[in-house]
Amino acid sequence: MREGWGMSRVTKHRWGKKTVISLHKAERECQNGCGIIKVSRYEFEGGRDKFWTEYWRDLDRIECKGTPACEPVARTKLYEAREYPL
Ligand SMILES: [Zn+2]
């Protein structure tokens, strides 16, 4: 365990201005320097509107339930390397 590792001390992301990429995609980058980008996705599928959110860092999608922790990049890489349980 490292200092600040616990879920109780997770910092909230501070999402920046929304960048609209296309009709189906908009991005917001965290202003805290954790390098995470929140991607809002939209698709019209089977006659219904479908919305969901993805989290990305560089070109890697972050696989996790809910919102990944907002931590400095070095620590977040460690978080990925450890395959933090979902
Ligand atoms: Zn963040």
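Any residue in the range 55-70 that's in a strand (DSSP E or B): show its pairings with residues that are small (Gly, Ala, Ser) and surrounded by 10 or more Cβ atoms within 10 Å (Cβ to Cβ) at Cβ separation under 8 Å, as long as the two are six or more apart or on different chains.
As it stands, the answer is Arg57/Gly35, since those pairs meet every condition given.
So is Tyr84 at pLDDT 95 or above and either in contact with a Pro (Cβ under 6 Å, 6 or more places away or on another chain) or part of a loop (DSSP other than H, G, I, E, B) (or both) or not? I'd like the intermediate steps shown before the answer.
Working: at pLDDT 95 or above: no; either in contact with a Pro (Cβ under 6 Å, 6 or more places away or on another chain) or part of a loop (DSSP other than H, G, I, E, B) (or both): yes.
Judged against the criteria, Tyr84 is not a match.
Within the range 4-12, is there a residue that is in a strand (DSSP E or B), at pLDDT 90 or above and surrounded by 10 or more Cβ atoms within 10 Å (Cβ to Cβ)? Don't jump to the end; show me each part of the working.
Applying the first criterion (in a strand (DSSP E or B)) to the range 4-12 yields 11.
Now restrict to residues that are at pLDDT 90 or above: none.
No, that holds for no residue.
Taking the range 15-54 on its own, how many of its residues are near the ligand (Cβ under 9 Å from one of its atoms) and out of contact with any strand residue (DSSP E or B) (no Cβ under 6 Å at 6 or more places or on another chain)?
The total comes to 2.
Could you list all residues from the range 27-54 that are outside any strand (DSSP E or B) and free of Cβ contacts under 8 Å to residues at least 40 places away in the same chain? Don't jump to the end; show me each part of the working.
To start, the set of residues in the range 27-54 that are outside any strand (DSSP E or B) comprises 31-35, 46-47.
Listed by number, the residues that qualify are Gln31, Asn32, Gly46, Gly47.
The values are calculated or read from the model by the stated rules, or taken from the named source; none is laboratory data. All of these numbers come straight from a predicted model, not from anything done at the bench. Every residue, glycine as well, gets a Cβ built from its backbone with ideal geometry; the counts of neighbours run over all protein chains shown.
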